[in-house]
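The values are calculated or read from the model by the stated rules, or taken from the named source; none is laboratory data. Because the structure is predicted, anything quoted here is derived from the model rather than measured. Positions of Cβ are backbone-derived with ideal geometry, glycine not excepted, and every protein chain shown enters the neighbour counts.
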Amino acid sequence: MKRLTKALIATVALGSVVLVSGCSGEGDPVSFDGPSVSPPAPGKPPTGKAKEAAAKTVMPTGPKAEFRTQNTLDDGTKIGVTTLRGEKSGFTGKVWVWAPKQYFDPKYANSGFPVLIALPGGNGYPNNYWMGTDLKLQSSISRWSEEGKSLPFIVVMPVLNPDADHYYDGSDIPGQPKMGTWMAEDVPDFVRANFRTFASRDGWAFMGSSSGGFVGLKSVLKHPDKFKAVIASGPDTVPDSPLWAGHEAEKQANNPEKLAKALAATPGGKDKDVYVAFQIGTKEGGVANLRKFMKNYTKGPVKTRLQVIQDGSHNARTYVKGMGDGSIEWISKQMQAPIPAS
């Protein structure tokens, strides 16, 4: 499906977000500092769960970002927003974040949390529509985590593109802003600076719809050492930004089909396996293409799953439903859960 159609659908979704942006407390400072960590007893090394958490967790490295409240959920948790100046990409853009209530529970004070980088469809600029409460992504994750269907993910929502005029396929297109470096390097570095995370890729995943699904898919297949899973909803499986003109070699280096073929040909193993959860509605096109992709590349380290959403269309609400129907549970089972104190 062409990105023009995707952009129109994304615009409709974004329009609904604007209606909820006037929540109480919007613009107020908000902190994502978790509970204080208890220092280990002198001369007594950690054991059991504490030892496991210490070995797997990376405490916030700083520098600490300044967040402002964007929205407030019914459970009191906040969606915050800040401006990130990417040191590696050189790009500056907005990032929205949300931490589940478990993040603030003292029994998880010494543990990292898994991260879900959520990407919108369309151009995803100047806003990422997942930052609104109307699509219920965060509240659904909160509920699913209580039901045992999902891990309590930190949800990170960066802008997808540097402007509203073009799309960049989440890649470093020559002569353009380095959106591939922004997505795969700067955004994770920012999360590690501000949150308790996991050192290994077991704590890192993408979720994206439409053009955001493409970027998440491409990022996981290109960087399996950094990211373990992706929920890719209604995505293209080949790059199609017009900005690739004259840069065929670089374009193919960011082609999910080429990346999946190369990865599928490598020996498998838990340190290399990636998990691709495709989603698509019965009222949109593209299911045949996704089935073909799965048939061709579900080999070796490449694990795939398809969630066909009955009566679903090419929109964000359909994809949240699909997540609850199975996709979020499938990737959660492959990832690192927070480690409670003994």
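Residues that are touching a helix residue (DSSP H, G or I) at 6+ places or on another chain (Cβ under 7 Å) and surrounded by fewer than 19 Cβ atoms within 10 Å (Cβ to Cβ): does region 282-298 have at least one? Within region 282-298 (the criterion being touching a helix residue (DSSP H, G or I) at 6+ places or on another chain (Cβ under 7 Å) and surrounded by fewer than 19 Cβ atoms within 10 Å (Cβ to Cβ)), the answer is no, since none of the residues qualifies. In the set Lys228, Lys218, Lys258, only one residue is under 30 Å from Asn315 (Cβ atoms), of a type in the set (Lys, Arg), touching a Phe, Trp or Tyr at 6+ places or on another chain (Cβ under 8 Å) and modelled with pLDDT of 95 or more; that residue is Lys228.
Scan region 73-92 for residues that are surrounded by 15 or more Cβ atoms within 10 Å (Cβ to Cβ) and either over 20 Å from the mean Cα position of the chain (by Cα) or without any contact (Cβ under 8 Å) to a residue 12 or more places away in the chain (or both) and the total you get is 0. Looking across Val302, Val220, Val276, Val230, one residue alone is touching a residue at least 40 places away in the same chain (Cβ under 8 Å), in contact with a Gly (Cβ under 7 Å, 6 or more places away or on another chain) and of a type in the set (Val, Ile, Thr). It is Val230. Are any residues in region 56-66 in a loop (DSSP other than H, G, I, E, B) and either in contact (Cβ under 8 Å) with a residue 60 or more places away in the chain or buried (at least 16 other Cβ atoms within 10 Å of the Cβ) (or both), and if so, which ones? Met59, Pro60, Thr61, Gly62, Pro63, Lys64, Ala65, listed by residue number. Looking at this structure, is Ser171 more than 14 Å from the chain's Cα centre (by Cα), closer than 19 Å to Ile231 by Cα and of a type outside the set (D, E, K, R)? Against the criterion (more than 14 Å from the chain's Cα centre (by Cα), closer than 19 Å to Ile231 by Cα and of a type outside the set (D, E, K, R)), Ser171 qualifies.
When Arg192 is tested against (1) under 19 Å from Ala118 (Cβ atoms); (2) touching a helix residue (DSSP H, G or I) at 6+ places or on another chain (Cβ under 8 Å); (3) not β-branched (Val, Ile, Thr), exactly one condition is not met: (2). In region 99-156, the qualifying residues are those that are in a helix (DSSP H, G or I) and acidic (Asp, Glu), and the one that is farthest from Ser327 (Cα to Cα) is Glu146. At least 3 residues being over 18 Å from the mean Cα position of the chain (by Cα) is the threshold, and among the helices (runs of 4 or more DSSP H) wholly inside region 258-342 those reaching it are 287-297. With respect to the stated conditions, Gly213 fails to be surrounded by fewer than 19 Cβ atoms within 10 Å (Cβ to Cβ) and either modelled with pLDDT of 95 or more or part of a helix (DSSP H, G or I) (or both). Residues of region 258-281 that are surrounded by 19 or more Cβ atoms within 10 Å (Cβ to Cβ) and not small (Gly, Ala, Ser): Leu259, Leu263, Val274, Tyr275, Val276, Phe278, Gln279, Ile280. When Ala99, Ala53 are checked against the criterion of being at pLDDT below 95, closer than 21 Å to Ser332 by Cα and surrounded by 14 or more Cβ atoms within 10 Å (Cβ to Cβ), Ala53 stands alone in meeting it.
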